[in-house]
Every structure is written in C-alpha cells, then in structure tokens.
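Notes to accompany the following structure.
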Amino acid sequence: WRESTNFQAAYYPNLPPGEYLFHVKAANNNGVWNEEGAKLKIIVNKPWWFTVWAYLFYGLVFVSALFFADRFFRHRVVLKEREKARVKELEQAKEIEKAYTELKATQSQLIQSEKMASLGELTAGIAHEIQNPLNFVNNFSEVSVELLNEVKETRNKSQETRPRTEEDQIEDEILEDIKQNLEKITHHGKRADAIVKGMLQHSRSNSGQKELTDINSLADEYLRLAYHGLRAKDKSFNATLETDFDPTLPKIEIVPQEVGRVLLNLINNAFYACAERSRSASAERSQNTMSEKQKGISENYQPTVTLSTKKLNNKLYISVEDNGIGIPEAIQKKIFQPFFTTKPTGQGTGLGLSLSYDIAKAHGGTLEMASEIGIGTVFKLVLPLTF
C-alpha cells in the first residue's frame, strides 16, 4: 500500500509482464474509510522482443547463420583439398615418369650384362637410383588415395543438404576412377620395390655374422612361420606338416637369418605347389575331364609338406619335400636362374631360388632338386658340418 495524500497519481515502475489487481481505498472528510475499496485489473504485456515470435525469429537467424557458415567453410575445405590433390597428382606424375626413365635405363644395363657375376654391382646402382623414386611413387599414391577418400566424405556431407545433380554424379565417377588408378600404381610400385629388394639380397648374400645354430630348431621354426603366414593370407588352404629331424645333429656355424631365408623360400614354394595341384584337380573335376580312378585319387588328395634333416658323410642334409604338382623336366635346369619363375605375373619375382642357391654356395654348400610331374618335388640344402 502507498499513501497518495493529496496526489491523485500512483507510480509502480519496473513491473515485470503479467496480470495485476490495483486496489484503492479512500476516506471522506469525516475520516470514514471505504473498507471494500475499488479494484482495477491491469495486464502488463511483454515487449515485442521477448515474445514467442521474436524468439522464433532469433532461432531462425541463428540456424541460418550456422548453415551458411558451414557451407562457406566446407567450400573452402573442398577447394583446399582439391588443390592439394592436384599438387600431389602432379608430383606423383613427375616421380612416375622419372622412375620409368630410370627403370628403362636399368633394364638396358641388365640386358647388356653377360655375366651374373656383375649382378651385385648392378643391383647396388639400382638400389640408389630406383629405391627413392619408388618410395615417392608408393607414398604419394597412398596419400592421394586417403585425400580422395576425405574429398568424397566431404562431398557426401555437403550433398546431404541439397539434391544431387548430374554434375555430382560425373564428379563422383571421376574421383572413383582416379582412386582405382592410384591403387594400381601402388600395387605395381610395391611389386617393383620387391624386385629391387630381391636383387639387393643377391648382392648382400655374403653378409651377416655366423654363429652356432641348432638346425632342427631353426627348420621347425621356419616351417611353422611359413604355414601360419600362408594361412593368414588364405584360410581355405590346409596342409599336413611332417617332420623327420635327426636328433644327433650337432650345432653348426651358419648365418641363421640367411639359411632361414632359404628354408622359408623352399617351404613357401612347396605350399604353392600343393595349392596348385588342389586348384588344378578342382578345375578338372568341375569340367568332368577326369576318369573315375583319377577322381578317386583327387578326392583323397591331402597336401603334405615334409621337412627332414640328417647327417651323412660329414655333411648336413635339409630336405623340403612336397606332393604337389611337380616341375616339368623342360624347365628344371632354369629354376635357379635369376628372374625365372613359373608363377603368374605379380606372384613371384624369379629371385627366390636364385638367392637361395647363392646363399647355399656362400656357406660352402649346394642346393639340389628332384621333381616328377604329378608326384611332387624335393629340394635338398646340403651344408658342410665344418668349414
């Protein structure tokens, strides 16, 4: 309540919006009060900037600002990524051209070389001239694929806010073609890198520190390593592993990493021969070109790889035998030649057996082979027990 005295006005400043009931009491000259008084209902409205419509307008302005800011920054990111991809592609093209030129020069040198004794010197030069360009090709192709994936993700997000156009479809197809081309470049670049490394192993086959080694343990270790490595790549492949180790073998002085590389290569080749025989038998069964007897033999075929060691006449024999497809007699004399391979393109460099032969020779031993089509193949690594 407020005393108004002789003033006929009352002030109630800073009233918040809402409904109010204004009461007035008055007295006459005799001091008699009207206890009931008078009442007046008053509604104080909110200002327009606090209304629901005002808040909706504020929200719309805020969302619109976010949308246009997002579109603006996305557009900037896309432009930057496109520019980066263009620069990477130009650099990659230059590196590929450079690598191709150097590979052609190296190929000419290899053709002109008449003796394999000069292979070490040639591969040393190849390593310095080819390895760096190949690294650039592989690295930039992988990075470019990642950038293309990021560009596609960005495009997909931006297209969620608008309908797709025919230009979007064309751009997506172009990006996918570029990605496939880069993947092919990476695949063949890595294959070329494997060839260079295989040639380097030729020139370095005599390096390494010799130490007393338990051959039985080394052979068993690499047999398991090769089998589990193959199973990791092809879970459908199964083979029986058999071992026949001579327990009387003494430890011999070898470079275990080098001999292990030979064993790994021979065992992998044995698994490959078994897998080829299984695939060949399956293909013939599907075409019904087998006799009933052949079908029975094929159905009972179990890929088997046998690893054995024995001591004979002061020499150590390590045998890797398989019951795979066998090696034709016409090519048996060529299998130890560098770059000769019977595997499909991309699955072998043709340097594995040649390198194995060089390692055996460096240890004062030999690498022997016997094979028969449809029966199998046996490789024997012969090492002297004393040097």
Completion exercise
Plugging the Cβ-Cβ distance of residue 34 and residue 56 into 1/(1 + (r/R0)^6) at R0 = 56 Å yields, to the nearest 0.05, a FRET efficiency of 0.75
Handout entry: 158, 280, reordered so the largest accessible area comes first (probe 1.4 Å)
Key = 280, 158
Practice task
Check the straight Cα-Cα distances from residue 46 and name the lysines below 16 Å, setting aside those fewer than 8 residues away within the same chain.
Solution key: none
Fill in the blank from the handout: Taking a straight Cα-to-Cα line shorter than 16 Å from residue 233, and setting aside same-chain aspartates and glutamates fewer than 8 residues away, one finds 276
Practice task
Name the aspartates and glutamates eligible as straight-distance cross-link partners of residue 315: C-alpha to C-alpha under 16 Å, and not fewer than 8 places from it in the same chain.
Solution key: 214, 246, 253, 368
Handout entry: Pairs beyond 29 Å (Cα-Cα), from 98/334; 80/184; 104/235; 310/334; 190/310; 104/152
Key = 98/334; 104/235; 190/310; 104/152
Practice task
Report the full-extension gain for the segment residue 210 to residue 176: residue separation times 0.36 nm, less the Cα-Cα distance, to one decimal in nm.
Solution key: 7.1 nm
Exercise for the section: Quick one: net charge around residue 8, please, counting Lys, Arg +1 and Asp, Glu -1 for every other residue with C-beta under 15 Å from its C-beta. Expected result: +1
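The values are calculated or read from the model by the stated rules, or taken from the named source; none is laboratory data. Since the model is a prediction, treat every value here as computed from it, not as a measurement. Backbone-built Cβ (ideal geometry, glycine too); neighbour counts: all protein chains shown. Note: areas computed on protein heavy atoms with side chains; ligands, DNA, RNA excluded. Shrake-Rupley method; radii C 1.70, N 1.55, O 1.52, S 1.80 Å.
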